[in-house]
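Trainee: Quick one: the structure is below, and I'll ask about it shortly.
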Amino acid sequence: MADAVIVVALLAVAVAATAAVVNRDPARQALVLAVLGTALAVLFTVLQAPDVGLSQLAVGSALTPLLIMLSVRKVRRRSARGKDGTQ
């Protein structure tokens, strides 16, 4: 039973990682990265490393995608301002 849970968690990580690589839009990549971080947190917990899982949940699932989304938003605002001719 435990082996089946590990295999499912590994498959979830593989699917999420592939989706993150295949996606071309940075905003969508950040969202998929959050899903990947959650899948990794589940995998770490299943592999009996709950401390690493909690760290991954905080950093990989919440903080990193949030920072990426804020950066993408700021870049898009600047590029929109540059196209309008205003600085």
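Trainee: Ignoring everything except DSSP H segments at least 4 long, calculate the 222 nm mean residue ellipticity for the chain; use -39,500 (n - 2.57) per segment, divide by total residues, nearest 500.
Mentor: It comes out at -28000 deg cm²/dmol, rounded to the nearest 500.
Trainee: Nearest 20 debye, what's the magnitude of the dipole of the chain about its Cα centre given +1 on Lys and Arg Cβ and -1 on Asp and Glu Cβ?
Mentor: Dipole magnitude for the chain comes out near 820 debye.
Trainee: Quick one: compute the contact order of the chain, relative version, from alpha carbon pairs under 8 angstrom and 6+ residues apart, as a percent.
Mentor: It rounds to 27 percent for the chain.
Trainee: Classify region 40-87 from the C-alpha gyration tensor, please: rounded if a/c falls under 1.5, else prolate or oblate depending on whether a/b exceeds b/c.
Mentor: In terms of gyration-tensor shape, prolate.
Trainee: Given a Förster radius of 41 Å and the C-beta distance between Thr18 and Arg81 as r, what FRET efficiency does 1/(1 + (r/R0)^6) yield to the nearest 0.05?
Mentor: 0.70
Trainee: What percentage of the solvent-accessible surface of the chain, computed with a 1.4 Å probe over protein heavy atoms, is contributed by carbon and sulfur atoms?
Mentor: Its accessible area is 68 percent carbon and sulfur atoms.
Trainee: I'm spelling it out carefully: the read-out is Cα extents along the principal axes in Å, the candidates are [x] 61, 25, 10; [y] 85, 26, 21; [z] 36, 24, 21, and one was derived from this structure. Which label?
Mentor: The listed entry that was calculated here is [x].
Trainee: So, by mean Cβ neighbours within 10 angstrom, what's the order for 36-45, 18-27 with the highest one leading?
Mentor: In decreasing order of mean packing, 36-45, 18-27 become 36-45, 18-27.
The values are calculated or read from the model by the stated rules, or taken from the named source; none is laboratory data. Note that the coordinates shown come from a computational prediction; the quantities given were computed from them, not determined experimentally. A quick note on method: Cβ atoms are made from the backbone with ideal geometry, for glycine too, and the neighbour counts reach across all protein chains shown. SASA here: full protein model, heavy atoms, side chains in, ligands and nucleic acids out. Shrake-Rupley method; radii C 1.70, N 1.55, O 1.52, S 1.80 Å.
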